[in-house]
1. Assuming R0 = 45 Å, what is the FRET efficiency of W309 and H144, from their Cβ-Cβ distance, to the nearest 0.05?
2. How much of the accessible area of region 80-165, in percent, comes from carbon and sulfur atoms when a 1.4 Å probe is used?
3. What is the extension gain from A97 to L186, computed as 0.36 nm multiplied by their sequence separation minus the C-alpha to C-alpha distance, in nm to one decimal?
4. What is the packing order of peptides 180-190, 305-315, taking the mean over residues of other C-beta atoms within 10 Å and listing the highest first?
5. Identify the residues of region 243-272 with backbone N under 18 Å of a label point that sits 7 angstrom from the Cα of L170 along the Cα-to-Cβ direction, or state none.
6. For region 45-120, which chymotrypsin sites (Phe, Trp or Tyr not before Pro) are in a loop by DSSP, counting at most 13 other Cβ atoms within 10 Å?
7. What is the packing order of peptides 346-352, 385-391, taking the mean over residues of other C-beta atoms within 10 Å and listing the highest first?
8. With a sphere of radius 14 Å drawn around the Cβ of S180, what net charge do the other residues whose Cβ falls strictly inside it have (Lys, Arg +1; Asp, Glu -1)?
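The values are calculated or read from the model by the stated rules, or taken from the named source; none is laboratory data. Keep in mind that this is a model prediction, so the values were computed, not measured. In this analysis, Cβ positions are derived from the backbone assuming ideal geometry, glycine residues included, and neighbour counts consider all displayed protein chains. Keep in mind that these areas ignore ligands, DNA and RNA; they rest on the heavy atoms of the full protein, side chains included. Shrake-Rupley method; radii C 1.70, N 1.55, O 1.52, S 1.80 Å.
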Amino acid sequence: MTSPQATAPRAHPTAASASPRLAIVLFSLAMGGFAIGTTEFASMSLLPFFAADLGVDEPAAGHAISAYALGVVLGAPLIAVLGARFARRTQLLVLMAVFALGNALTALAPGFGWMIAARFLSGLPHGAYFGIAALVAASLVPQHRRSQAIGQVMLGLTGATIIGVPLANLIGQAIGWRASFGLVALLALLTMVLCALFAPRDQAGRSDPLRELGALRSGRVWITLAIGAIGFGGMFAVYTYLATTLIEVTKVSPAVIPFFLAVFGIGATLGNLFVPRFADRALMPTAGVILLFSAVALLLFPLAAGNPWLLAADIFAIGASVSLGAILQTRLMDVAGDAQALAAALNHSAFNTANALGPFLGGLAIREGLGWTSTGPVGAALAVLGLLIWMVAWRDAGSAPVAVTSGRKVAPPENTPARAAPPLAPGRRSRSDAARDPVA
């Protein structure tokens with residue numbers, strides 16, 4: 001399919017220089033994910049602190065979390081469409097600037113109303129940043145390494161659950177919650193510097209808003225988004241109430257809760273590091289296996305909750321299912337046609353829908369008296385439902401292609417090698433050149 005963005009010609013790097021150059025670009029993109037992951041997850045652990053400081057109870061303070069998620073859901077498609085004509089490098093810089101501003105305003109919020117507005121602003125760039133970063137990462141590598149490159153960008157998000165969230169929580173307790181959001185603003189500024197220095201320079205996009213909106217006409221796009229919005233909800237159902245489950249059911253000291261959160265983060269990080277290698281060989285089958293794996297791990301959650309060591313192993317497995325995000329991101333690139341930016345951004349809107357759906361259904365089960373561990377079976381049910389939607393997508397993948405976007409191209413069958421994500425290198429290079437030069 002035609003690329004929505006072209007790039008200025010660049011000299012081809014040698015094989016020796018390609019790998020270090022690729023590594024620093026992916027690290028720069030992942031740093032933005034680290035900042036986003038830190039503010040998204042740390043805000044949950046900081047809720048009691050800013051609630052007390054701003055004079056609201058904790059249930060009301062939870063609206064700040066919801067405001068951020070709403071910003072993600074609305075901002076991802078809106079920014080992707082409006083930014084269709086701009087260069088990806090420019091979009092990355094602007095998105096991180098808005099993200100830095102939102103977190104700085106959060107740190108300076110004089111009242112809870114101002115904080116709600118600042119959290120909404122902070123959430124707006126979230127999905128669009130990950131979408132554009134994924135497209136840039138995929139364009140830097142050969143076709144058979146796209147999922148790995150996207151997974152490495154997502155390492156920033158999962159790495160935040162290991163390092164960023166505990167650090168922000170520690171700073172929040174020692175200095176104050178405002179300092180934690182100030183730290184995130186500094187991380188966003190660091191990402192801007194790294195992207196300005198190392199992100200590939202590309203020309204203004206050749207796409208337009210109407211072409212990006214064409215993704216919404218594709219049934220395959222909607223099915224892929226539904227897999228994430230439903231199937232991913234199970235992980236959030238368990239994670240949201242994990243700390244309380246550890247205290248009330250596992251009977252551990254609150255002091256060791258960060259250990260279990262870190263175990264989850266390690267599982268998510270390793271999953272993003274290794275699972276995409278299989279996805280690059282068999283994309284949709286790997287997604288199905290991950291959904292099934294997630295359903296089993298979530299179903300075992302109530303059985304493991306009584307033993308801290310078994311629970312740690314189960315939490316690790318649940319964390320590994322986060323790798324589904326990179327897999328579905330690659331799938332969207334294959335079926336979105338010219339509307340690459342919008343489809344990639346919508347992936348994160350889908351996951352934030354899961355972030356709302358999973359905790360909501362898990363909370364309903366808890367309020368009905370089914371116990372804290374009931375989030376496991378609820379999550380397993382969501383994973384199974386996601387697997388059923390995946391089966392529909394899997395059957396459709398072997399059927400005749402359906403028209404997408406502009407109508408000039410059609411989505412290829414699953415067994416037909418899809419064209420790589422829109423390259424940042426000029427289109428006049430030969431295919432053999434591109435294979436030898438994964439960074440250009």
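1. 0.70
2. Numbers: 1950 of 2540 Å².
Heavy-atom surface of region 80-165 belonging to carbon and sulfur, 1.4 Å probe: 77 percent.
3. 31.0 nm
4. 180-190, 305-315
5. Backbone N within reach: 254-266.
6. Filter output for region 45-120: empty list.
7. Top of the packing list down: 346-352, 385-391.
8. Once positives and negatives cancel, what remains is 0.
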